[in-house]
Every structure is written in C-alpha cells, then in structure tokens.
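Contents: one structure, followed by commentary.
The values are calculated or read from the model by the stated rules, or taken from the named source; none is laboratory data. Computed from a prediction, not measured in an experiment: that's the story for all the values here. Cβ placement follows ideal geometry from the backbone for every residue including glycine, while neighbour counts extend to all protein chains displayed. Please note that ligands, DNA and RNA were not included when accessible areas were found on the heavy atoms of the full protein model with its side chains. Shrake-Rupley method; radii C 1.70, N 1.55, O 1.52, S 1.80 Å.
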Amino acid sequence: MIKRTTAARDGTNRTQVVDGSSRKILRALLAFSTERPRHSAESLSEQIGVPLSSTYRYIGILREAELIDEDGRGSFVLAPRVIGLAQAARAGTDLSSMARPHMKRLAQDVGETVILLRRSGDRAVCIERAESSSRIRLTFEVGTALPLHRGAGPKLLLAYQPQAEIEQLLEDAILRDPGFGQHRKALAHELTTIREEGWSESHAEITPHVYAVAAGVRDGNGVVAAISFVAPAFRTPKAGQINLREKLQRAAAAISKAYSAVNL
C-alpha cells in the first residue's frame, strides 16, 4: 500500500505520463491538414492510436484551448484561433534576417551599398542594408522613408500595386510635390515597363550623382519588397549598370525562393 502511494506520488512517473499524453494531444492537433481538414473522433482515435475514450478527453482539452471546434455535422475542425497562430508564425519569419546574408555577399561582391525596402503607406521604408566596403560609399540608414514616386526601389514597389491604388498615390504625390505633376504621365509609362521587365532604375532622382537599380523580392502573392543598389554615378557606366542589375536580379531570386519556401 505504501509502495503504491509512493509510485503515485513519484514525480518521474507522473512526468512520463503527462509527457505521453501531451504528445498525443499534439498528434491529435497535427492530424488536421489541408488534405484532411475534418476529423471525427473515430478517425482521430485511429490516427493517433489511442482508445476512443482517451481521444474524447484530448478533444475536450483542445476545445477548451479553443484550438478545435465541432463543425455541426459530427466532425471537428481547426478553430479560428489557429489562424492567429499561423499569422504569428509568419510574422516571425523575418524577411530582413533572411535577406541579410545575400545582401552582404552582394555588397562585398560588387563593392556597392545594398538596401532592402518595403512599402509602408505612401512611403518606401528601408528595413535592411549592407554597406559597401569602398572608401567612397553611400550610407543609408535603416528606417529611412522615401516617397514612392522617386527612386528605383520605391518605383518598383509602386509598380506592383493595384492600378486604382497607383492612381490615388500619384494624386497624393502631386499634392505634396507639385513639381512632380509634369512627370506623372512619364512615370505611369515607366511603371508599365517596370512590371514588364521586373526591374527599375533611377538617375539622381533622390540624391544628386547617384545611380540606383532595384529588383523585386516575391512571395506567393507577388512583390513584397525591393532590393536595390545605390551607387555613385561615376562608378556605374552603362556596362557596369548591366552587371549590377544582373547580379541584383539573381540575389532577388534567391531571397524570393528562400522567403517563399517558409511562407507557403
């Protein structure tokens, strides 16, 4: 009798039991997939290999945690709370950290500063940079916000917005920058070309004597960021511009592949 009581109070034994149950609860949760979004208690029991009575207990725990719901037809489905968990997982997949090693290799390879931009409202914001090792180089601070209608990276991000949104953004740009009005038609044509060719460039549109070229970083839904070189114009003759663009496009493709793989 004393032995049985001691065993019941044994922390190791209890932990083993709890750990075993926890694993089975997780297996029940992971049994749901795009191929099998619904399960009956019987199919879950078969899937995780436990008696039906235990399966109902696990279902009760998952329902209490608001991770699964009954669909009204005798089956169970993942609850809306799981969507929030999926979004949190996606947010944790940091584009900047994934792009950083590619950007550093690229900056070292060509000796120019590389920046990563994302759209935020009516601005393109620098979220990552890899600076050139050259003595004469352009610095670009993370957090710098640029208008969407000027510069290679911002224009690339603008080009891939819905057309109605592009028109509104251009109208707003004219209100803030009246001098831009005379260039609006030319930019609208350029945005079409950017979408067709997949890259953009600029010559001293933001800073005098600076050349920039940009390519898009994509996920399954389209362009999510722009990776761009910013370089002194005297170091980028026409032949050099083509070389920069080709290397940049390869880096953008590599980052897109890595980012898409974890954001399916």
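Express the accessible area of the chain per residue in Å², computed with a 1.4 Å probe while the remaining protein chains stay in the model. Provide the component values of the computation, followed by the final result.
Values: 15050 Å² over 264 residues.
Result: 57 Å² of accessible area for each residue.
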In degrees, nearest 10, the alpha-carbon axis of helix 11-30 is tilted away from the dominant principal axis of the alpha carbons of the chain by 60
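Under the 0.36 nm per residue contour assumption, what length would be gained going from the current alpha-carbon distance of R250 and S21 to full extension? Display every interim value, and only then the final one.
Numbers: separation 229, 0.36 × 229 = 82.44 nm, distance 4.81 nm.
Between R250 and S21, full extension yields an extra 77.6 nm.
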Nearest 10, in degrees from 0 to 90: the angle of helix 184-197 to the longest Cα principal axis of the chain is 60
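How large a share of the accessible area of the stretch 130-236, in percent, is made up of carbon and sulfur atoms when the probe is 1.4 Å and the other protein chains stay in place? Provide the component values of the computation, followed by the final result.
On the way: 2850 of 5340 Å².
In the stretch 130-236, the share of accessible area belonging to carbon and sulfur is 53 percent.
Contour minus end-to-end for S43 and A261, with contour as 0.36 nm per residue of separation and end-to-end as the Cα-Cα distance?
Numbers: separation 218, 0.36 × 218 = 78.48 nm, distance 3.05 nm.
Separation in residues times 0.36 nm, less the Cα-Cα distance, equals 75.4 nm.
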Of all trypsin sites (Lys or Arg not before Pro) in the stretch 101-157, the ones in DSSP coil with at most 10 other Cβ atoms within 10 Å are R135
Under 5 Å from the placed amide H of V210, counting only residues 5+ away or on other chains, we find A204, A233
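In debye, nearest 20: dipole of the stretch 114-252 around its Cα centre with unit charges on the Cβ of K, R (+) and D, E (-)? Let's see the in-between values first.
Details: 18 positive and 16 negative charges, 104 e Å.
Taking the Cα centre of the stretch 114-252 as origin, the dipole is about 500 debye.
What FRET efficiency would be calculated for the residue pair D69, Q168, taking the C-beta separation as r and a Förster radius of 35 Å, to the nearest 0.05? Let's see the in-between values first.
Values: r = 40 Å, r/R0 = 1.13.
Calculated value: 0.30.
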Taking the square root of 5λ for each eigenvalue of the C-alpha gyration tensor of the stretch 123-251, the equivalent ellipsoid has semi-axes, largest first and in whole angstrom, of 23, 17, 15
Dimensionless Rg/Rh of the chain, both radii on Cα and Rh by Kirkwood, sits at 1.21
Here, F180 and R36, labelled 7 Å along Cα→Cβ, have an inter-label distance in nm of 5.3
The stretch 193-235: relative contact order from alpha carbon pairs under 8 Å, six or more residues apart, as a whole percent, is 32
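Mind pulling up the Rg/Rh value for the stretch 193-244? Radius of gyration and Kirkwood radius, both on Cα. Mind showing how you got there, number by number?
Working: Rg = 12.1 Å, Rh = 11.9 Å.
Rounded to two decimals, Rg/Rh equals 1.02.
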